[in-house]
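The values are calculated or read from the model by the stated rules, or taken from the named source; none is laboratory data. The structure displayed is predicted, hence computed values, not measured ones. Note that each Cβ is placed from the backbone with ideal geometry, even for glycine, and that neighbours are counted across all protein chains shown. For accessibility, only protein heavy atoms count, side chains too; no ligands or nucleic acids. Shrake-Rupley method; radii C 1.70, N 1.55, O 1.52, S 1.80 Å.
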Amino acid sequence: MAEGVNIGRRRLVLAEEFMFTDDVAVKRLKILVEQYVETRKKRHDVVSAAKASAAIREVMPSCPLSGKAFDDLIAACAIEHGLGVLFDNPSTTGTES
């Protein structure tokens, strides 16, 4: 019976570690998006979602977000910085229902 409790606790610890790792990855992603937008706003008025995601995936290949969620993160950051957003990512264009 004690083994069952230990196994349950072990699974809980592993799940918490995974969630923590995922949280760290999302925070890192947000920082990378912020840096990308900051760099772009010096010379441009618009951020391309496709170019942003490609550039960020070069630095972070195991990106925790993809598709529309990633585009939305890029757009939110760009809008916060007063920039327009070009939703030109072929994997997410035309997916509205």
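Going by the conditions given, is ILE79 in contact with a strand residue (DSSP E or B) (Cβ under 8 Å, 6 or more places away or on another chain), open to solvent by 50 Å² or more (accessible area, probe 1.4 Å) and of a type outside the set (Ser, Thr, Tyr)? When the stated conditions are applied, ILE79 passes them. Within segment 6-43, being at pLDDT below 50 and open to solvent by less than 70 Å² (accessible area, probe 1.4 Å) holds for VAL13, ALA15.
Among the residues that make up segment 58-65, is at least one of them free of Cβ contacts under 8 Å to residues at least 12 places away in the same chain and out of contact with any Lys or Arg (no Cβ under 9 Å at 6 or more places or on another chain)? Checked segment 58-65: at least one residue is free of Cβ contacts under 8 Å to residues at least 12 places away in the same chain and out of contact with any Lys or Arg (no Cβ under 9 Å at 6 or more places or on another chain). Of the residues making up segment 41-58, not a single one is on the phi > 0 side of the Ramachandran plot and assigned to a helix (DSSP H, G or I).
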